[in-house]
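What follows is a short report on a single structure.
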Amino acid sequence: MRQRWIGVVLTLVACVTTVWLWINGDLGLYVHPRYFAFTVIAAVCGIVVVVASFVVRVPADEATDAGPTRRAWRLGLSVAVVVASLFGVGSLIVLPPATLTSATADQRSVNSGTVVGAGSQQATGDTADYGVKEWATALRQSTDLQGIAGKPTTLTGFISADPDDPENVFFVTRFFVTCCAADAQPVGVPVYQPDWKSSLALDDWVEVTGAFDLNPSVKSRQPMVIVPQQVSPVDEPSDPYVY
């Protein structure tokens with residue numbers, strides 16, 4: 001009996017939370033937009049099943065009334081279901097969901113994964129519309145890095161440090177999501193700015209404007225970097241991930 005109610009509580013909290021995230025526009029922090037419809041429909045079906053479970057009679061051998069003590073236990077359990085559900089939804093209002101940060105980027109290693117769906121990027125054509133994902137892929141796949149030198153770009157992302165030269169090189173970083181936040185891979189473009197920590201901080205969202213050049217750093221293993229003309233703080237975008 002207790003296991004049944006625990007399942008009801010967990011299902012109700014998960015489903016109501018999912019619907020709330022969708023209504024509030026925050027579902028994209030957890031799920032790729034292509035799966036919104038499936039996720040919301042599944043959550044609504046889950047709520048319907050939970051509601052139905054309240055009216056389904058328990059088998060006779062478990063439903064036999066054992067007196068006031070058992071009735072009080074059932075009442076208390078019902079109240080716990082309501083309180084737990086309200087707490088789960090209420091926590092989203094008090095503590096709104098946050099995007100993945102540089103700590104996660106460090107754990108998963110920037111540019112260590114394969115950017116599925118990015119295609120072959122050689123940066124030989126028009127790069128005016130390239131974002132962080134496209135440039136990160138181009139820097140990894142291009143066979144002519146010298147051909148990238150001098151190309152201008154403006155990129156927006158959050159700051160994560162280059163582990164080899166954290167004092168002089170940082171990545172303008174975004175998370176690439178294929179399914180959900182659990183599989184998000186950090187992609188980033190290195191920026192050479194000596195002593196950047198004097199004016200910037202990890203996880204700051206910035207817009208970097210500059211051009212690519214060979215990396216002046218003797219410690220960093222990044223062969224090509226952006227040499228910035230301007231690094232401006234910006235607000236975190238409503239959709240911080242790339243797809």
**All positions within region 149-165 that are assigned to a loop (DSSP other than H, G, I, E, B) and within 23 Å of Ala105 (Cβ to Cβ)** = Asp162, Pro163, Asp164, Asp165
**Asked** Would you pick out the residues in region 141-166 that are modelled with pLDDT under 90 and not hydroxyl-bearing (Ser, Thr, Tyr)?
**Response** Gln141, Asp144, Leu145, Gln146, Gly147
**Prompt:** Out of region 216-243, which residues are at pLDDT 95 or above and of a type in the set (Gly, Ala, Ser)?
**Reply:** Ser217, Ser220, Ser232
**Request:** Could you grab the pairs with beta carbons closer than 6 Å, sequence gap of 6+ or different chains, first residue in region 133-154 and in the same structural domain as Pro190 (by TED's automatic domain parsing) and within 27 Å of Val177 (Cβ to Cβ), second one of a type in the set (Ser, Thr, Tyr) and surrounded by 14 or more Cβ atoms within 10 Å (Cβ to Cβ)?
**Result:** Lys151/Thr127; Thr154/Thr209
**Request:** Working only within region 184-243, note down all residues that are touching a helix residue (DSSP H, G or I) at 6+ places or on another chain (Cβ under 7 Å), assigned by TED's automatic domain parsing to the domain that holds Gln141, in a loop (DSSP other than H, G, I, E, B) and within 23 Å of Thr127 (Cα to Cα).
**Result:** Pro223
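The values are calculated or read from the model by the stated rules, or taken from the named source; none is laboratory data. The structure presented is a predicted model; accordingly, all values stated were derived computationally and were not measured. Because the Cβ atoms are built from the backbone with ideal geometry, glycine has one as well, and the counts that use them run over all protein chains shown.
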